[in-house]
Structures are given as C-alpha cells and as structure tokens.
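Below is one structure; the comments refer to it alone.
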Amino acid sequence: MKYIFPEDFLWGAATASYQVEGAYDTDGRIPSVWDTFSKTPGNVYKGHTGDIACDHYNRYKEDVALLKKLGIKAYRFSIAWTRIFTDGKYTLNEKGINFYKNLVKELKENGIKPVATLFHWDLPQILQDEGGWANRKTAEYFVHYASVMFNALGEDVCQWITFNEPAVYAYVGNLYGTHAPGIKNLEITQKTIHNMMLAHGETVKLYKNSQFRGQIGITLNLSPNYTDSSNEEDIKAAKISEGIWNKMFLDPVLKGKYPEIILNMDFGKNMKNIIKSGDMETINQKIDFLGINYYSRNVIKWNENNPLKYDTVPQNNEKTAMGWEVYPDGLRVLLKSIKKDYGDIPLYITENGAAYEDTPENGEIHDKKRTEFLKNHFIAAKKAIDEGVNLKGYYVWSFMDNYEWAEGYAKRFGIVYVDYETLQRTVKDSAKWYAEVIKNNFTEE
Ligand code: IFM
C-alpha cells in the first residue's frame, strides 16, 4: 500500500551545534556547559567530548552538498550561543556569526530551507557560573542573543525554534544530573523550567514585533503515556507522567498556565513562588507551529513508594540501541492527542529516528532496521494526517552520526555514517531510501 503525503510536505533532516560542529576553540568560541561536563571524568562514555565531533564547522559545504544530493528540502541546525558573544552576553563575535551566515547562504544557494534552533543545550559556561537557567537574568541575555540572530539571519531563516526539548535540559541536566550542567536539585530545576519558558515567550514577542516575516515555534520532546491496566491509580500515574514531561511545557506555551496536577504535588508546589505577575501571559504568545520530537512511548503504573507516585514499566517489545521501545503507533496517538488538547496548531516532527549499530561493509552501510523504523513512523504520521492532524513536515534525526551526549560517539542516529577517525561521510542505505521517499512523496508498506 502507498502512503502519499500532502504536496507541500516538508521533508528535512536535523542536527545540533555541540553534536556536530567540533571546532571547540576556533574563531573565538567560548566553552559551553557541555564542554565542562564532558571534560569532567565519569560523566560521558569513555570521556568523549564534542571537541571535534563531525567537524561540521569546517565541512559544512560538503555536508550541504550531501543534503542536496539526497534531495532533503529543509535542514534544521542549531546555533551555538558560545560562538556569538565573547562574554556570553553582549560583546559580539563576528567570526562566529559569520559561520551561520555562511551556512545559511550555502543552504539557500542549494535550494534547502534553513531552520534554526536557538537553544539546543549548549549554554555558555560563563552564564552557568552566574546560575545558568535558574537565574532569571539568563532569560534576558537569551532574548538579546535571539535579537542578534534575527538581525543576522532573519531575511533567510524561514523558521525559528526557540528551545529544543527544555524538559530534557531541565530534568536530565538539573534534576538527574546525567547531562550538563550536572546538577541534582529540584528548586534549580523548577527555576530552569520557568526561566526557559519566559525566555521563549519574550523571544516570540520580540520576533512578532520585528520586521521579519518568517515563523517561530518551540520544539518539545513528547511521548504518549499508556497504562497496562484500566486501574484508576495507574491512570492517575499516567497523568502525572504526562504532566511532568509533556504538559509542564505544552500548557504554559499554549494555555498560559502550568498543569494543576503538577502544581498540586510536592514536585511542583514551589512553582507559585517562582512565577512573577505577568509571566504566564508573557509565556503564552501565539506560536506559528509546534515542533515535536518523538522517539517512543511510556507505559506507566502507580507506585505509592515513589515520590512521583509512578514507575515506568519496561516493555518486552523490540528496542533500539538506546534501549527505547520501537512503538510507531505512539506517534499517531500523540499527534491526535495534541490536536484534541491544544487545537489545530500546525505541527512538525522536528526529530524522529533511531540508534542502531552500523557496520560498514565494503564502503556501504546496510542499516535495514533504521529504514524499517523510519518507514513505520512515516506511516504512523500519514495515518495521523488522514485522521485530521495538521502535520506539515518531518525531520529525521539525524542527518549524520554525531555526539550523543552522555553516550558520546557510541550511539549512531545518522542516516549518513561518520567515520570518526577520518571524518569521512558515507550515505547509509536508510538515506538512499529516504531520498526516494522525498522524491516520490510517498512511502510503501
Ligand atoms: O541526540 C538527541 C538530540 O540532541 C535531542 N533529541 C534526542 C536525540 C537522541 O537522543
């Protein structure tokens, strides 16, 4: 059966600055929290860092040529705040800004839409030293940084994403401490959430009041929450998980409030001391689209002894190399629930993909499982469109293998293989298959 996508469907691929750029001390770049975190022994698999990564900073022309060869219509990249100012705040670094001007120019010349994310976790360390996102001032610095980037690239970047996965930055970086900045503190996490949300709202407001006519939105990592039973407590547990991971970000952005279920728990009750008058209105700006990063679902059950009152139940289904359950229909279910709860806002899948072990064989990579994964998720997305969801585009994560945070280079998500010794790029079978999907605008079961 053929699954045909809408005519103007935007097929893209995504990366992020710290994960691909390398060139960590080139042209005035200053350290980010990820430079500090990755260089602290014990934090990242085998002590891997993003110092060199894919060397995209120096090889961006080659990478854009590859995007073009594959027929990819839009490239979602992120801007390293650490390249834009020498002090993280106000002192401009023209060389850093020029890198993004050149990248965007190269994309445009090759007919590829540039889509820029302003924050994909690489906060300047210098700002972390002043409290990071838990410091309300960081939101002010961010808005200034955004204004600089709008002025530099606003004519050409057609879509802006303020934040990538603020939930992961807040919880994994500031509560579990297994990502940068490596903190384990609930109050810092709450302030981090609120100040990121505030920075998002202020930035959208600024952009809307500018002369630029592109679009602006935010990218959230979202998973639908299932239960194994129809037991009332399990259903409540799933609502808590949904509240913490999804609604804590969806609700302020799209409804101007944090979810009651979380505010009424120990986990969230301090939020009322952090929110200042007018903040929720500021956060609740009209966005042009919502970006969704989908990887898997959660299956949840009640646990009285867990402070959050829930546990995640491991499933016996097929998993990726990250240990994440492969569950394509969760994407359809998620997309439909967003429409039901938040209305008909245009949606993009800003990330979806899978890590698998890839073994080059005579210069080829036969990554059948990745192709299957993508195909089944594309089909789930198409079913959601047929069921009325306003899905406008889809970015594969990732364009190329890269630095997978605490997993270092051990996990490969790319549709393009990167040899980390030679930095040579090799198109995997999944990329060849994706190029056909883009060309035909359909996929087949
Ligand atoms: O690599 C990450 C990306 O930076 C954010 N979303 C999830 C991906 C896979 O873990």
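The values are calculated or read from the model by the stated rules, or taken from the named source; none is laboratory data. Bear in mind the structure is a predicted one, so any value in this text is a computation, not a measurement. Ideal geometry is used to build each Cβ from the backbone, glycine not excepted, and the neighbour counts take in all protein chains shown. Remember, those area values only see protein heavy atoms, side chains included, never the ligands or the DNA or RNA. Shrake-Rupley method; radii C 1.70, N 1.55, O 1.52, S 1.80 Å.
Quick notes
- Each Lys and Arg adds +1 at its Cβ and each Asp and Glu adds -1 at its Cβ; summed about the Cα centre, the chain shows a dipole of about 940 debye.
- Three-way shape label, the chain, alpha-carbon gyration tensor, a/c 1.5: rounded
- At an R0 of 60 angstrom, the distance between the Cβ atoms of residue 62 and residue 276 translates into a FRET efficiency of 0.80.
- Whether region 158-207 is rounded, prolate or oblate, judged on the alpha carbon gyration tensor where a/c under 1.5 counts as rounded: oblate
- Surface analysis of the chain yields an accessible area of 39 Å² per residue, using protein heavy atoms and a 1.4 Å probe.
- Extension gain, residue 205 to residue 265: 0.36 nm times the residue separation minus the Cα-Cα distance gives 18.5 nm.
- Label-to-label distance, nm, for residues given as residue 317 and residue 359 (7 Å Cα→Cβ offset): 2.7 nm
- Of the trypsin sites (Lys or Arg not before Pro) in region 194-287, those whose Cβ has at most 16 other Cβ within 10 Å and which sit in DSSP loop: 213, 257, 269, 276, 286
- In this label model, residue 432 and residue 344 are separated by 4.2 nm, measuring between points 7 Å along each Cα→Cβ vector.
- For the chain, share of DSSP beta bridges that run antiparallel, in % to the nearest 5: 25 percent
- Taking all protein chains together and rolling a 1.4 Å probe, residue 282 ends up with roughly 20 Å² accessible.
- Spacing of the two label points (7 Å from each Cα toward its C-beta) at residue 187 and residue 444, in nm: 6.2 nm
- Rolling a 1.4 Å probe over the protein heavy atoms of the chain, with every protein chain left in place, gives an accessible area that is 47 percent carbon and sulfur.
- Positive-end residue of 77, 333, 159, charge dipole of the chain with Cβ unit charges: 159
- When 1, 248 are compared by accessible area at a 1.4 angstrom probe, the order from most to least is 1, 248.
- Here region 343-415 is treated with +1 on each Lys and Arg Cβ and -1 on each Asp and Glu Cβ, and its dipole about the Cα centre works out to around 220 debye.
- Taking the chain as a Gaussian network of alpha-carbon nodes connected by springs under 10 Å, the highest mean-square fluctuation of the residues 231, 293, 174 belongs to 231.
- Over the chain: helical MRE at 222 nm, DSSP H runs n ≥ 4 each giving -39500 (n - 2.57), nearest 500: -11000 deg cm²/dmol
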